[in-house]
Each structure stands twice: as structure tokens, then as C-alpha cells.
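> Quick one: the structure is below, and I'll ask about it shortly.
What follows draws every value from the coordinates through simple rules; no lab data is involved. Bear in mind the structure is a predicted one, so any value in this text is a computation, not a measurement. Cβ atoms come from the backbone with ideal geometry, glycine included; neighbour counts cover every protein chain shown.
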Amino acid sequence: MSNQKNWHQKHKETLGFGSRLADSVANGMGSWKFIIIQTILVVLWMGLNLIGYIRHWDEYPFILLNLVFSTQAAYAAPIIMMAQNRQNERDRAQAQADYQTNIDAKLEIEALAIKLNSLEVEKLDKIINLLEKMRENTSK
């Protein structure tokens, strides 16, 4: 296997701690695991505050819960946008790598076509020479 790095590995190495963290947070928040855990926590929060015997820390209409969600959204949106911007950068890098591969392949194919054409011409010249020699030999 080749030790040469592909475009994705090179791009990933250029990312700083903040970029990697933002990607991880965006990946986590965009998962079913996050949605399920958050749903369970919200149900527990609401349930404990509705039926709490000792103390209700966030009574209906759950203003503190709304504040928590607002804060989460305020941070989540820019983090997700940063991750999307990096995804766009990765897509551009991949498109550029694909484009360069296509150009290289095209040049190789053109070079092979020229070589095949020259081989065919050489073969045809040899065949013509052989036929002319055969004709000369039969005419003698």
C-alpha cells in the first residue's frame, strides 16, 4: 500500500483544534443519538418539575428549559455553519483533485493514442514494403 496521502488526509491535517472540535460537535448534534438523549433529558426535566415533591426548580412554563435551548441554539448554529463551510472546502478540494486526475488521464490517453497511431503507421509501412517486395519477386 502506498504511503502517499490523499487530499482528504492532507486537508484534515491542516485543521486546527477549533475546527476539529466544531466538526465533532456538528457531527454529534446531527445524530439520532443526540436527539434521543436530548428528548429523554427534556422529558425527565419536565416530569421532575411537574411531579417534584420537594422542589420545582423550573416550574411550568419551563422558562429555564427555554433559556437552555436558546443558549444551545445560539452556539449550535454557528458551530454547524463552520462545519458546513469546511465541508464546502473539502468538496472544492475533492473536485479540484478529481479535475486534476481527469486532466492527467486525458493527457495519458492522448499520448497513448499518438503512440498507437505511430505503431499502426509503422506496421502499415512494413506491410506495404513486404507487399512491394513480394510483387517484385513474382514479377521476376
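> Applying 1/(1 + (r/R0)^6) with R0 = 35 Å to the Cβ-Cβ distance of residue 108 and residue 87, what FRET efficiency is obtained, to the nearest 0.05?
Efficiency at R0 = 35 Å is approximately 0.65.
> Okay, moving on. Going toward the positive end of the dipole of the range 16-108, with +1 on Lys and Arg Cβ and -1 on Asp and Glu Cβ, which of 84, 64, 107 do you reach last?
Value: 64.
> Quick one: plug the Kirkwood hydrodynamic radius of the chain (C-alpha pairs) into Stokes-Einstein at 25 °C, 0.890 mPa s, and report D in µm²/s.
On the way: Rh = 22.2 Å.
Rounded to a whole number, D works out at 110 µm²/s.
> Given the DSSP H assignment, sum -39500 (n - 2.57) over each helix run of at least 4 residues in the chain and divide by its residue total; what's the result at 222 nm in deg cm²/dmol, nearest 500?
On the way: 4 runs with 118 residues, N = 140.
Only helices count here, giving -30500 deg cm²/dmol.
> Relative to the Cα centre, what is the charge dipole magnitude of the range 44-140, using +1 at the beta carbon of each Lys and Arg, -1 at the beta carbon of each Asp and Glu, and rounding to the nearest 20 debye?
Numbers: 11 positive and 13 negative charges, 54 e Å.
About 260 debye.
> With 10 angstrom as the radius, rank 32, 45 by how many other C-beta atoms surround their C-beta, starting from the fewest.
Lowest count first: 32, 45.
> Pick out which of 84, 94, 72 has the largest mean-square fluctuation in a Gaussian network model of the chain, springs linking Cα atoms closer than 10 Å.
Per the Cα network of the chain with a 10 Å cutoff, 72 tops the list.
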